[in-house]
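**Q** Here you go, one structure.
The values are calculated or read from the model by the stated rules, or taken from the named source; none is laboratory data. Only a predicted model underlies this, so the values are computations on that prediction, with no experimental measurement involved. Cβ atoms come from the backbone with ideal geometry, glycine included; neighbour counts cover every protein chain shown. Only protein heavy atoms, including side chains, enter the accessible area calculation; ligands, DNA and RNA are left aside. Shrake-Rupley method; radii C 1.70, N 1.55, O 1.52, S 1.80 Å.
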Amino acid sequence: FDREAARKVWCFGPEASGPNLFIEQLKGIPPNDTIRRGMERAFQYAVQDGPLCGEPLRGVQINLEDLSLHEDIRRVNMGQIMPPTRRVALACFLTAQPRLLEPYGQFEIAGINALDMAAVKKCIASRLGV
């Protein structure tokens with residue numbers, strides 16, 4: 001990213017520190033804080049519960065390029081911003097041909113005897129474990 005693009009990052013997700021970006025690329029005046037907070041929350045919800053199976057998303061970037069609101073900005077509230085923003089984000093994810101990744105993890109099993117350990121190893125191996 002260049003310096004100007006980095007200034008336009010509104011939030012990361014999920015939980016404000018994840019691997020996903022929401023970037024404002026509007027021409028003209030940026031939206032007020034209420035609209036920004038609503039869109040950020042909707043993005044957080046969208047990347048926390050993805051469209052395929054409700055799992056968190058990784059490596060997603062949304063660029064906000066256009067925004068149309070009611071002329072009287074005082075009439076716009078969070079309830080009008082969050083649901084459509086979340087639906088648009090989920091639709092964008094689906095049109096980008098998402099993929100499911102196989103989960104992985106590292107576990108340490110301690111405190112069992114050798115016979116039980118053999119059964120645990122057999123169970124893990126039957127589920128593509130190493």
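**Q** Look at Pro51 and say whether it is open to solvent by less than 50 Å² (accessible area, probe 1.4 Å), assigned to a loop (DSSP other than H, G, I, E, B), out of contact with any Gly (no Cβ under 8 Å at 6 or more places or on another chain) and within 30 Å of Glu4 (Cα to Cα).
**A** No; evaluated as a whole, the condition is false for this residue.
**Q** Shifting gears a bit: Go through (1) surrounded by fewer than 17 Cβ atoms within 10 Å (Cβ to Cβ); (2) touching a Leu at 6+ places or on another chain (Cβ under 7 Å); (3) not acidic (Asp, Glu) one by one and return the number of the condition Gly79 breaks.
**A** That leaves (2) as the condition not met.
**Q** Shifting gears a bit: Sort out which residues of the range 82-116 are at pLDDT below 80 and either in contact with a strand residue (DSSP E or B) (Cβ under 9 Å, 6 or more places away or on another chain) or surrounded by 10 or more Cβ atoms within 10 Å (Cβ to Cβ) (or both), and write them in order of number.
**A** Ile109, Ile112
**Q** Let me ask you something else. Out of everything in the range 15-38 that is modelled with pLDDT of 85 or more, out of contact with any strand residue (DSSP E or B) (no Cβ under 7 Å at 6 or more places or on another chain) and closer than 24 Å to Pro83 by Cβ, what residue ends up being least open to solvent (accessible area, probe 1.4 Å)?
**A** Among them, the one singled out is Gly38.
**Q** Name every residue in the range 69-106 that is over 17 Å from the mean Cα position of the chain (by Cα), assigned to a loop (DSSP other than H, G, I, E, B) and either β-branched (Val, Ile, Thr) or over 15 Å from Glu55 (Cβ atoms) (or both), in order of residue number.
**A** Leu69, His70, Glu71, Asp72, Val76, Asn77, Gln106
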